[in-house]
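The values are calculated or read from the model by the stated rules, or taken from the named source; none is laboratory data. This one's a predicted model, so the numbers in the text were calculated from it and none came from an experiment. Cβ: placed from backbone, ideal geometry, glycine included. Neighbour counts: every protein chain shown.
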Protein chains: 2
Amino acid sequence: MSIKALILAGGSGTRFWPKSTKDKPKQFLKITSDKTMIQETVDRVQYLVNSKDVYVISNANHSNHILDQLKIEKDNLLLEPEGKNTAPAIAFGISQMNSDDIVIVLPSDHYIHDEKSYINVLKKSADFASNNDAIVTIGIKPNKPETGYGYIEVDKSILDKDDFVPVKRFHEKPNLETAYHYLESGNFFWNAGIFIFKVSVMKKAFKEFLPDMYRLFFESKKDIKEIYKLAESISIDYGIMEKANNIFMIHGDFGWSDVGSWDALYELVEKDKDGNYSDAKDTIFRDTKNCAVFAEGKTVAISHLEDIIVVVDGDKILITKRGTTQDVKNVKID
Amino acid sequence: MSIKALILAGGSGTRFWPKSTKDKPKQFLKITSDKTMIQETVDRVQYLVNSKDVYVISNANHSNHILDQLKIEKDNLLLEPEGKNTAPAIAFGISQMNSDDIVIVLPSDHYIHDEKSYINVLKKSADFASNNDAIVTIGIKPNKPETGYGYIEVDKSILDKDDFVPVKRFHEKPNLETAYHYLESGNFFWNAGIFIFKVSVMKKAFKEFLPDMYRLFFESKKDIKEIYKLAESISIDYGIMEKANNIFMIHGDFGWSDVGSWDALYELVEKDKDGNYSDAKDTIFRDTKNCAVFAEGKTVAISHLEDIIVVVDGDKILITKRGTTQDVKNVKID
């Protein structure tokens, strides 16, 4: 057995316009540090996984970014001929691995604050997955009624005693009222999209819940282009996690964000006493509060405003109200 | 007698940042049309004044812009070695003219909507100045309690009968309460900074109210650098207009703006039904009202905002609240 990482880098990111574009989605951008999100992800996991065991799966159109940004063995870069959501991506990934390998599936574009704690949770999860017929998922304790995430329901009284608790149910993104209920109950955790399992266990789940996909990826002799043409576009959550009864959750308390919008990024960055942030070359905030400027290399003056997010990338400029940046996908001009 | 135009282009413009800079103030920028403000001014006055009789006075540091933008006879470009406000500029200007010349003093950076009406008023004023021992000024009827302009007080009952009324008093920029009073009374007009007079009449006024300056410009044999070093820095309004008793006003009803701020420019431009304006290459306004974007060549998305002014010039960006742009002089980063 060895531990392998499978980093999902197929996202097409539309909420980080103007920085992200169809040709260069968020995972390939420097958003939370001087490294790109995928560089951060790969660097981080190597505290636990040998570099030769790190696999990246992504859309073939984005292979240039991966080759630019990562040192990765040729065989470990899995290129999808088309995007078909996470279930086919994971099937493709584990089809390259051995039955007794432990796989850590990681999104390529999330922020982790406390890397030591994160590695510790992954390590525990790998051990648990190695010794049990279980798929492990990491739950993040909500601190607000977020409607942008899926939720994992567990029994928190068990969680007080054990690191790993059986998952009662996966829930899709709730409305605000439901999200408030989830927040108050204490039994609901954010689904961070991280899964840890033995290859044989996941293959069994595919065989049971997505049998067509199982045959395509693990039995047919078709080439990958043909396989993807035939594969159903479905998420691992919907295709397997919501149906399997051997899912266990561990609470990840390491400071996590999916950095899913400019608002989410505003929450992460270090603000001044007026709640303002800027990464511009020169900035003046005059009579201005709770504003963020993402405009590297530019000179920006903001005057007499509150709760504004400004993003400048080359000749493209976004100016929007804080709290509305989920809507950025509707204003992007590519 | 001939009619000469003296265009004052010495302004240092700080309220049009980031477009205007110390090196290139507003008069040398394209603000209200495809021509620069000073090109507009010179073009316009030539309906009344021969091109060989158009004089421009400006800071020596800006001569490059004038030579780039205007076809002007070398002798008609008067370069000030340093900025000393409008009284020395006018003294310098008329020192180059004949005693019986009629001079029209014009700011170089104002907007005129109805050029025919404007030329008509200037022509009437030149005739009046030719036949009377009078300095003529043009008053603009206020349509709001503007605190950014000086005011001219007259007796409006006379104005109903005559084109030219004696000025009772010049008033400096008022506070808001006073500005409301001015607006209601009907006896107060905005001082557009346009003056029409015979050279001999103005020289007499200098001799009476600014005798030191009179001696410097009209009697001494010093070179212009020495003269400017010694000259008092004072406006023609404060130095002469407020003191002389032969000032007459004519009402100019031709659509005027000093375009003194981004707010003033917002008032002038043609907005869409939501009150938005943009000159950017591509613009999306989403759920946005009463915003203006001055960002030629850029791609701009504004989302969920109201009453914002955005200006982009190269790598410099200003984002400010409508109604506060008088304050831009305090945020500029040169």
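Residue count for the stretch A:304-334, restricted to those that are at positive phi and facing another protein chain (nearest Cβ under 7 Å): 1.
Taking the criterion of being at the interface with another protein chain (Cβ under 9 Å from one of its Cβ atoms) and under 21 Å from A:V328 (Cα atoms), the residues of the stretch A:284-299 that qualify are A:C291, A:V293, A:A295. Within the option set B:T41, B:T32, being in the same structural domain as B:S200 (by TED's automatic domain parsing) and more than 21 Å from B:S278 (Cβ to Cβ) holds for one residue only, B:T41.
Out of the residues in the stretch B:1-54 that are polar (S, T, N, Q) and in contact (Cβ under 8 Å) with a residue 60 or more places away in the chain, which is surrounded by the most Cβ atoms within 10 Å (Cβ to Cβ)? Among those that are polar (S, T, N, Q) and in contact (Cβ under 8 Å) with a residue 60 or more places away in the chain, it is B:Q27.
Taking the listed residues A:S117, A:S63, A:S125, A:S58, the one that is under 25 Å from A:A264 (Cα atoms), among the small types (G, A, S) and part of a helix (DSSP H, G or I) is A:S117, with no other qualifying.
Please specify each residue of the stretch A:277-288 satisfying the condition of being touching a Ser or Thr at 6+ places or on another chain (Cβ under 7 Å) and surrounded by fewer than 18 Cβ atoms within 10 Å (Cβ to Cβ).
Of everything in the stretch A:277-288, those that are touching a Ser or Thr at 6+ places or on another chain (Cβ under 7 Å) and surrounded by fewer than 18 Cβ atoms within 10 Å (Cβ to Cβ) turn out to be A:K281, A:D282, A:R286, A:D287.
So that you can scan it fast, the table gives a plain yes or no per residue for (1) more than 18 Å from B:K316 (Cα to Cα); (2) in contact with a helix residue (DSSP H, G or I) (Cβ under 7 Å, 6 or more places away or on another chain); (3) β-branched (V, I, T):
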{"position": "B:A5", "(1), (2), (3)": "yes, yes, no"}
{"position": "B:G10", "(1), (2), (3)": "yes, yes, no"}
{"position": "B:G13", "(1), (2), (3)": "no, yes, no"}
{"position": "B:S20", "(1), (2), (3)": "no, yes, no"}
{"position": "B:V45", "(1), (2), (3)": "yes, no, yes"}
{"position": "B:K52", "(1), (2), (3)": "yes, no, no"}
{"position": "B:A60", "(1), (2), (3)": "yes, no, no"}
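Contact annotation: residue pairs with Cβ atoms under 7 Å, 6 or more positions apart or on different chains, pairing a residue in the stretch A:144-163 that is closer than 21 Å to A:M241 by Cα and part of a loop (DSSP other than H, G, I, E, B) with a partner that is at pLDDT below 90 and of a type in the set (S, T, N, Q), are A:G148/A:Q326. Restricting B:I72, B:I31, B:I94, B:I38 to those that are farther than 25 Å from B:K207 by Cα and in a helix (DSSP H, G or I) reduces the list to B:I38.
Can you find a residue in the stretch A:244-262 that is surrounded by 20 or more Cβ atoms within 10 Å (Cβ to Cβ), touching a residue at least 12 places away in the same chain (Cβ under 8 Å) and either closer than 19 Å to B:L305 by Cβ or within 14 Å of chain B (Cβ to nearest Cβ) (or both)? Checked the stretch A:244-262: at least one residue is surrounded by 20 or more Cβ atoms within 10 Å (Cβ to Cβ), touching a residue at least 12 places away in the same chain (Cβ under 8 Å) and either closer than 19 Å to B:L305 by Cβ or within 14 Å of chain B (Cβ to nearest Cβ) (or both). Here the stretch A:306-317 is the region considered, the condition is being in contact with a Lys or Arg (Cβ under 9 Å, 6 or more places away or on another chain) and under 19 Å from A:L268 (Cα atoms), and the residue that is surrounded by the fewest Cβ atoms within 10 Å (Cβ to Cβ) is A:E306.
Confirm whether A:L106 is out of contact with any Leu (no Cβ under 6 Å at 6 or more places or on another chain), at pLDDT 95 or above and outside any helix (DSSP H, G or I). The answer is yes for A:L106.
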